[in-house]
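Q: Let me begin by handing over the structure; questions about it come next.
The values are calculated or read from the model by the stated rules, or taken from the named source; none is laboratory data. Worth saying up front: this structure is predicted, and the values here are computed from it rather than measured. Cβ placement follows ideal geometry from the backbone for every residue including glycine, while neighbour counts extend to all protein chains displayed.
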Amino acid sequence: MAEETVKIPQATSKRLPLYYRFLQNFANSGKKRVSSSELSEAMKIDAATIRRDFSHFGALGRKGYGYDVDYLVSFFRKTLDQDEETDVALIGVGSLGHAFLKYNFHKNHNTRIAVAFDPKAPPEGKIMADIPVYPPDQLEERLADLGIDLVILTVPSRVAQKLTDRLAQIGVKGILNFTSVRLSVPESIRVHTIDLSVELQSLIYFIKNDVKDSQL
């Protein structure tokens, strides 16, 4: 009988890269074991939430001992497929896109922007921050040649859906969307939208509410 796959809650899944990063920091500092309370203090996440997240993966720690740092680093590296390099494409090299090119996930050697697309690029392409940049009319051909199915979208909102439709046609699996458009995609594509203006407005709202609460 096949082993049943445990479904991990989405909120937990989003925290896994954070756990991996902080555990790497502990490992690099020479720490051999860590408690949920220590992780909570470092990450500013409730210790009960950490224990609940970890419980989805079985017995990762021992009562009275805590968690073995090296084991957890290895476990989350495997869980997040960090041993396999992932190439992504960037579409749109405006101010935000250019910042992505310069950064290029330099703290994560397993993820890199391998190619970018921008209307201002010449047909033969050009190099920016050591990354080739081509015009959007070469999108399908270049992504197919490179076998890339993950895309960062930093284009003007007016063209976001049209580009997404083209990406859907060639079988892209994931889009990190930095436009304000809520993209319409088939079920085969996963979209994570990061609207910076909405995030800022939310932050302002919470700050103002905190101020009001403190005055009650």
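Q: Of the residues that sit in the stretch 74-86 and are outside any helix (DSSP H, G or I), surrounded by 15 or more Cβ atoms within 10 Å (Cβ to Cβ) and in contact with a helix residue (DSSP H, G or I) (Cβ under 9 Å, 6 or more places away or on another chain), which one is modelled with the lowest pLDDT? Write out each step before concluding.
A: Kept after step one, since they are outside any helix (DSSP H, G or I), are these residues of the stretch 74-86: 80-86.
Imposing the further condition that a residue be surrounded by 15 or more Cβ atoms within 10 Å (Cβ to Cβ) reduces the set to 80, 82, 86.
Next, only the ones that are in contact with a helix residue (DSSP H, G or I) (Cβ under 9 Å, 6 or more places away or on another chain) stay: 80, 82.
Working: LEU80: 80, GLN82: 64.
Within the stretch 74-86, the match that is modelled with the lowest pLDDT is GLN82.
Q: Also: Which residue, of ALA116, ALA99, is in the same structural domain as LEU176 (by TED's automatic domain parsing) and in contact with a Phe, Trp or Tyr (Cβ under 8 Å, 6 or more places away or on another chain)?
A: Details: ALA99 fails: in contact with a Phe, Trp or Tyr (Cβ under 8 Å, 6 or more places away or on another chain).
Being in the same structural domain as LEU176 (by TED's automatic domain parsing) and in contact with a Phe, Trp or Tyr (Cβ under 8 Å, 6 or more places away or on another chain) holds for just one of ALA116, ALA99, which is ALA116.
Q: Exactly one condition in (1) of a type outside the set (A, V, I, L, M, F, W, C); (2) without any contact (Cβ under 8 Å) to a residue 40 or more places away in the chain; (3) loosely packed, with under 15 Cβ neighbours inside 10 Å; (4) within 22 Å of ASP81 (Cα to Cα) is not met by GLY147; state its number.
A: Going through (1) of a type outside the set (A, V, I, L, M, F, W, C); (2) without any contact (Cβ under 8 Å) to a residue 40 or more places away in the chain; (3) loosely packed, with under 15 Cβ neighbours inside 10 Å; (4) within 22 Å of ASP81 (Cα to Cα) one by one, GLY147 breaks only (2).
Q: Return a yes/no flag: does the stretch 91-104 have any residue that is under 17 Å from the mean Cα position of the chain (by Cα), under 19 Å from THR193 (Cα atoms), among the aromatic types (Phe, Trp, Tyr) and surrounded by 13 or more Cβ atoms within 10 Å (Cβ to Cβ).
A: yes
Q: Follow-up question, since we're still on this one. Listed residues GLU141, GLU199; which is without any contact (Cβ under 8 Å) to a residue 60 or more places away in the chain and either under 24 Å from LYS120 (Cα atoms) or touching a strand residue (DSSP E or B) at 6+ places or on another chain (Cβ under 8 Å) (or both)?
A: Values: GLU199 fails: either under 24 Å from LYS120 (Cα atoms) or touching a strand residue (DSSP E or B) at 6+ places or on another chain (Cβ under 8 Å) (or both).
GLU141 is the lone residue from the list that is without any contact (Cβ under 8 Å) to a residue 60 or more places away in the chain and either under 24 Å from LYS120 (Cα atoms) or touching a strand residue (DSSP E or B) at 6+ places or on another chain (Cβ under 8 Å) (or both).
Q: While we're here: When you look at VAL181, is it of a type in the set (A, V, I, L, M), touching a helix residue (DSSP H, G or I) at 6+ places or on another chain (Cβ under 6 Å) and in contact (Cβ under 8 Å) with a residue 12 or more places away in the chain, yes or no?
A: It is true that VAL181 is of a type in the set (A, V, I, L, M), touching a helix residue (DSSP H, G or I) at 6+ places or on another chain (Cβ under 6 Å) and in contact (Cβ under 8 Å) with a residue 12 or more places away in the chain.
For (1) over 15 Å from PHE76 (Cα atoms); (2) surrounded by 15 or more Cβ atoms within 10 Å (Cβ to Cβ); (3) in contact (Cβ under 8 Å) with a residue 12 or more places away in the chain, each residue gets a yes or a no:
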{"residue": "PRO17", "(1), (2), (3)": "no, no, yes"}
{"residue": "LYS31", "(1), (2), (3)": "yes, no, yes"}
{"residue": "SER36", "(1), (2), (3)": "yes, yes, yes"}
{"residue": "LYS44", "(1), (2), (3)": "yes, no, no"}
{"residue": "PHE57", "(1), (2), (3)": "no, yes, yes"}
{"residue": "LEU60", "(1), (2), (3)": "no, yes, yes"}
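Q: When the stretch 108-124 is examined, which residues are found to be part of a loop (DSSP other than H, G, I, E, B), within 24 Å of the chain's Cα centre (by Cα) and surrounded by 13 or more Cβ atoms within 10 Å (Cβ to Cβ)?
A: Filtering the stretch 108-124 down to residues part of a loop (DSSP other than H, G, I, E, B) leaves 108-110, 118-124.
Add one more test, that the residue is within 24 Å of the chain's Cα centre (by Cα), and what stays is 108-110, 118.
Residues satisfying the conditions are ASN108, ASN110, ASP118.
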